[in-house]
Amino acid sequence: MDLFKPLESKGDESKKSSQGASAEHVKVLIIGSGPAGYTAAIYAARANLSPVLYEGLQPGGQLTTTTEVDNFPGYPQGITGPEMMEDFKKQAERFGTQVRFGMATSADLSKQPYTVTIDNDKVITADALIIATGATAKYLGLESEEKFKGQGVSACATCDGFFYKGQDVAVVGGGDTACEEATYLAGICKKVYMIVRKPYLRASKAMQDRVAATKNIEVLYEHNTKEIVGDMSGVNGAVLTNTKGEEVKIDITGFFVAIGHQPNADIFKDFIDMDETGYIKTIPGTSKTNVEGVFACGDVQDKHYRQAITAAGSGCMAALDAERYLGTRIF
């Protein structure tokens, strides 16, 4: 059995990192502060693991860009994303989690204890590491897109589609995700435009057939979004251009971007197994990665569901897996 170097005393200690710099040592380090990270912190703190959590550049994660959350159990009247994440944070802190602002900029998982550098400066070593860094939705990069985020622009139909019930909306993208989002929205909305820059859909044949069979989906091939338009109340349309250079205006109240997500896991790629798109691979039914004592939860390892509730559940799994792992170690 591999042994960690014994701790000199309880709590955080200073050790020498592999780089020779003074490092703070913690039992459990959590990187990321969305539903997964905060839930992992709640469970780890209640297990007396004294977790330290770094929030990253976007405290609360993607959910903080969502104005209303109506599908998370326990909030019958709904709640805003930022308010919900603040509730999660307070609950984690209530049990003793140290929540800190900072971004993990590099990592060395080649030996135990594992080393993570925060903001290119502060070195942390940890007996167990929970990665909850999430994934970043890809957007078109339009100024108007940024302006109306949370006011008609969304990257998650299953999260926000309900708010556009009976209305006309648009989905950007031509892959499986875009087709899935469009067919989901078609069951809620009056009409769904699919804005596809190519003359064909990149989606699988099965997904293409679903789109073709859905009467209230109109696919606008060879169109690009020039601008999203709206007013103080939110989005009310979009201006598109076709291959002939002509402008087309569509009247919509919701604009859904479905061109993919980028998992935030680059600093771990030299050590942890990932799929072809950069999502961390975990052993099925667990949060365990290929590196013993390193666990992953939330959207950084989930490209299928990407919901707050599933992220929170996987955060619970990661904390329990970490607790059981640490229980088998001798310090």
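In the range 163-178, of all residues being at pLDDT below 95 and outside any loop (DSSP other than H, G, I, E, B), the one that is farthest from the chain's Cα centre (by Cα) corresponds to Phe163. Of the listed requirements (1) surrounded by fewer than 17 Cβ atoms within 10 Å (Cβ to Cβ); (2) closer than 23 Å to Val69 by Cβ; (3) not basic (Lys, Arg), Ala312 misses just one: (1). Look at Lys198 and say whether it is more than 29 Å from Ser314 (Cα to Cα), in contact with a Gly (Cβ under 7 Å, 6 or more places away or on another chain) and not aliphatic (A, V, I, L, M). Spelling it out, Lys198 is indeed more than 29 Å from Ser314 (Cα to Cα), in contact with a Gly (Cβ under 7 Å, 6 or more places away or on another chain) and not aliphatic (A, V, I, L, M).
When you look at Val172, is it surrounded by 24 or more Cβ atoms within 10 Å (Cβ to Cβ) and either over 23 Å from Gly60 (Cα atoms) or without any contact (Cβ under 8 Å) to a residue 60 or more places away in the chain (or both), yes or no? Don't jump to the end; show me each part of the working.
Values: surrounded by 24 or more Cβ atoms within 10 Å (Cβ to Cβ): yes; either over 23 Å from Gly60 (Cα atoms) or without any contact (Cβ under 8 Å) to a residue 60 or more places away in the chain (or both): yes.
Considered against the rule, which asks whether it is surrounded by 24 or more Cβ atoms within 10 Å (Cβ to Cβ) and either over 23 Å from Gly60 (Cα atoms) or without any contact (Cβ under 8 Å) to a residue 60 or more places away in the chain (or both), Val172 comes out as yes.
Check whether at least one residue in the range 106-125 is touching a Pro at 6+ places or on another chain (Cβ under 8 Å) and not in a strand (DSSP E or B), and report yes or no. For the range 106-125, residues touching a Pro at 6+ places or on another chain (Cβ under 8 Å) and not in a strand (DSSP E or B): absent. Quick one: in the range 54-79, which of the residues that are touching a helix residue (DSSP H, G or I) at 6+ places or on another chain (Cβ under 9 Å) and of a type in the set (A, V, I, L, M) is surrounded by the most Cβ atoms within 10 Å (Cβ to Cβ)? Residue satisfying both the conditions and the ranking: Leu63.
Taking the range 40-80, which residues are part of a helix (DSSP H, G or I), in contact with a Gly (Cβ under 9 Å, 6 or more places away or on another chain) and in contact (Cβ under 8 Å) with a residue 60 or more places away in the chain?
Step one: filter the range 40-80 for residues part of a helix (DSSP H, G or I), giving 40-46, 61-65.
Then drop every residue that is not in contact with a Gly (Cβ under 9 Å, 6 or more places away or on another chain), which leaves 40-43, 45-46, 61-65.
Ala40, Ala41, Ile42, Tyr43, Gly61, Gln62, Leu63, Thr65 - these are the residues of the range 40-80 that are part of a helix (DSSP H, G or I), in contact with a Gly (Cβ under 9 Å, 6 or more places away or on another chain) and in contact (Cβ under 8 Å) with a residue 60 or more places away in the chain.
In a residue-by-residue description of the range 311-330, the property of being within 29 Å of Cys189 (Cα to Cα) and either hydroxyl-bearing (Ser, Thr, Tyr) or touching a strand residue (DSSP E or B) at 6+ places or on another chain (Cβ under 8 Å) (or both) applies to no position.
Across the range 219-226, a minimum of one residue is classified as in the same structural domain as Glu246 (by TED's automatic domain parsing), in contact with a Leu (Cβ under 9 Å, 6 or more places away or on another chain), among the hydrophobic types (A, V, I, L, M, F, W, C) and assigned to a strand (DSSP E or B).
Restricting attention to the range 207-228 and to residues that are hydrophobic (A, V, I, L, M, F, W, C) and over 27 Å from the mean Cα position of the chain (by Cα), the residue that is surrounded by the fewest Cβ atoms within 10 Å (Cβ to Cβ) turns out to be Ala213. Against the condition small (Gly, Ala, Ser), at pLDDT 95 or above and over 20 Å from Lys190 (Cα atoms), how does Gly285 come out, does it pass? So Gly285 fits the description; yes.
Residue under question is Gly96, and the condition is that it be among the small types (Gly, Ala, Ser), more than 20 Å from Ile188 (Cβ to Cβ) and in a loop (DSSP other than H, G, I, E, B); does it hold?
Numbers: among the small types (Gly, Ala, Ser): yes; more than 20 Å from Ile188 (Cβ to Cβ): yes; in a loop (DSSP other than H, G, I, E, B): yes.
Criteria met by Gly96.
The set of residues in the range 216-252 being in contact with a helix residue (DSSP H, G or I) (Cβ under 6 Å, 6 or more places away or on another chain) and either under 19 Å from Lys191 (Cα atoms) or without any contact (Cβ under 8 Å) to a residue 40 or more places away in the chain (or both) consists of Asn216, Ile217, Ile228.
Please find, within the range 30-53, the residue that is surrounded by the most Cβ atoms within 10 Å (Cβ to Cβ) out of those that are more than 23 Å from Cys159 (Cβ to Cβ) and under 15 Å from the mean Cα position of the chain (by Cα).
Ile30
Among the candidates Ala132, Ala182, Ala126, Ala203, the residue that is assigned by TED's automatic domain parsing to the domain that holds Tyr54, touching a helix residue (DSSP H, G or I) at 6+ places or on another chain (Cβ under 7 Å) and surrounded by 16 or more Cβ atoms within 10 Å (Cβ to Cβ) is uniquely Ala132. Does any residue of the range 133-156 turn out to be touching a strand residue (DSSP E or B) at 6+ places or on another chain (Cβ under 7 Å), aliphatic (A, V, I, L, M), under 21 Å from Leu240 (Cα atoms) and in a helix (DSSP H, G or I)? No, there is no match, as no residue in the range 133-156 is touching a strand residue (DSSP E or B) at 6+ places or on another chain (Cβ under 7 Å), aliphatic (A, V, I, L, M), under 21 Å from Leu240 (Cα atoms) and in a helix (DSSP H, G or I).
The values are calculated or read from the model by the stated rules, or taken from the named source; none is laboratory data. Here the structure is a predicted model, which means the values were calculated and not measured. In this analysis, Cβ positions are derived from the backbone assuming ideal geometry, glycine residues included, and neighbour counts consider all displayed protein chains.
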